[in-house]
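Worksheet for the structure shown next.
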Amino acid sequence: MAETVFDIAVIGGGPAGLSAALTGRIRNKNVVLFEHLEHSEKLQKAHLVDNYLGMPQVTGKGLMQQMLGHCQAHQPTIIKKKVMNIYPGDVFTLATPEEAFQARTVILATGVVNTLLFEGEKDFIGRGVSYCATCDGMFYKDKKVAVISYTPEGEHEANYLGELCRQVYYLPQYKKESSGSMRDNITVIAAKPKLIKGDTEVESLVTEQEELAAAGVFIIRQSDPVENVLPGLELDGEVIKVKRDMSTNIPGVYAAGDCTGKPWQIAKAAGEGLVAVLSAIGYLESKPKAGEK
Ligand SMILES: Cc1cc2nc3c(=O)[nH]c(=O)nc-3n(C[C@H](O)[C@H](O)[C@H](O)COP(=O)(O)OP(=O)(O)OC[C@H]3O[C@@H](n4cnc5c(N)ncnc54)[C@H](O)[C@@H]3O)c2cc1C
C-alpha cells in the first residue's frame, strides 16, 4: 500500500477528470488522477470539435492535448493504472492490479461503457466473469478461459493468462492492428460474443458462430460498469445517480461527466468535474482529517 493519503482521487483522465484534477490542484489539494489508457480515446477520435466555447474548430486530439497540458502544469500525481475496486472506510482504498492507494474523497469520471453488457455477464461477476487478469488470473490456473477485449490492452492480459492457463480464446472487438505476438496457446477468434453461460459458475462463452468451453471470461473495456468498481453505488438506469453538487449516495464520493448521464458533451463533463471537486473540497473541510499517518 502506498504511504500517501491523497485528499482527492480522480478516476478517469478525460475532460471531466482533468477538469476536477486541475481545480483540485489550484485549490492546493493533494490530488491523484488515475488513467489506464490514452486520455479519453473517445474524444481523441473526434475529427472536429466546434462546440467547446473558446476553442473553435479544434480536433479532438488537439483539445485533449491542451486539456492534459493545462492540468499537468499544476502537477497532480497521474498514475497510469486502472482502478479495479474502491473500498470505503475511514479513508477510501483504491485497488489497481498491482498496487493500492488511499484517498479521503473520490471523484468518478470514468465515462460510459459504450458497449452493451453481454447476456449473463452480470449474473456471473465473481463467479467466472472478471475485468482484470492480473487480479484474478490465478483462479484459472491450467483451465480454459476467454478474453473479450475492446482495446489492444487486452493482448497483454491474454498473454499473461496464456502463461497461467491451459488455453486462451482471444476475441478482439477493435479494429487496430495487433501490437505484438501472442503465445502459442492463445487462439484469436474474430467473432462477436453473445452470451456467457453456466450453472453456478461460468462454463462457456457463446459467440455468433460457436460455443467455447471456458471456466473464466475476462472482459477488457475502456470503462467497466461503474457499479462493479464501487459496489453499493446508486444508479439511475445505467448512469450514476448524482445530486446537483455531483455527490453520490456514498459520502465522500462524487461523479462527473458522461458517467452521470446525457448530454454526452465535453462542456458538461468539464463543468461537472469542476462542481464535483469543489464539493469534494467542501466535504474535506467539513471533516477532521482521517487517515493521517
Ligand atoms: C467520435 C466522437 C466525437 C465527439 N464529438 C464531440 C463534440 O464535437 N463535442 C462534444 O462536446 N462532445 C463530443 N463527443 C463526446 C465527448 O467525447 C464526451 O462527452 C467526453 O469525452 C466525456 O468526457 P468524460 O471525461 O466524462 O469521459 P471520457 O472522455 O470517456 O473519459 C473517461 C476516461 O476514464 C478512463 N477510465 C475509465 N475507467 C477507468 C478506471 N477504472 N481506471 C482508470 N481510468 C479509467 C478512460 O480510459 C477514459 O480516458 C464526441 C465523442 C465521440 C466518440
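A short reminder: the numbers here are calculations on the coordinates, not readings from a lab. What you see is a predicted model, and the numbers here were worked out from it, not measured in a lab. Here the Cβ is made from the backbone with ideal geometry for all residues, glycine too, and neighbour counts use every protein chain on show.
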Within the stretch 245-268, restricting to residues that are polar (S, T, N, Q) and farther than 30 Å from PRO56 by Cα, the one that is surrounded by the fewest Cβ atoms within 10 Å (Cβ to Cβ) is ASN249
Filtering the stretch 1-51 for residues that are under 15 Å from ALA276 (Cβ atoms), more than 6 Å from the ligand (Cβ to nearest atom) and touching an Asp or Glu at 6+ places or on another chain (Cβ under 6 Å) leaves a count of 1
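Conditions (1) among the charged types (D, E, K, R); (2) in a loop (DSSP other than H, G, I, E, B); (3) surrounded by fewer than 20 Cβ atoms within 10 Å (Cβ to Cβ), marked per residue:
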residue	(1), (2), (3)
GLN209	no, yes, yes
GLN222	no, yes, no
LYS243	yes, yes, yes
ALA270	no, no, no
GLY273	no, no, no
ILE281	no, no, yes
PRO288	no, yes, yes
When every residue in the stretch 27-58 that is in a loop (DSSP other than H, G, I, E, B) and under 13 Å from the mean Cα position of the chain (by Cα) is compared, the one surrounded by the most Cβ atoms within 10 Å (Cβ to Cβ) is SER40
Quick count over the stretch 226-282, residues being of a type in the set (Lys, Arg), more than 15 Å from the ligand (Cβ to nearest atom) and farther than 25 Å from GLU121 by Cα, is 2
If we take the stretch 78-138, then strands (runs of 3 or more DSSP E) inside it with 3 or more residues that are buried (at least 22 other Cβ atoms within 10 Å of the Cβ) and among the β-branched types (Val, Ile, Thr) are 100-108
Given the conditions (1) closer than 30 Å to LYS262 by Cα; (2) under 21 Å from the mean Cα position of the chain (by Cα); (3) hydrophobic (A, V, I, L, M, F, W, C), every one holds for ALA146 apart from (1)
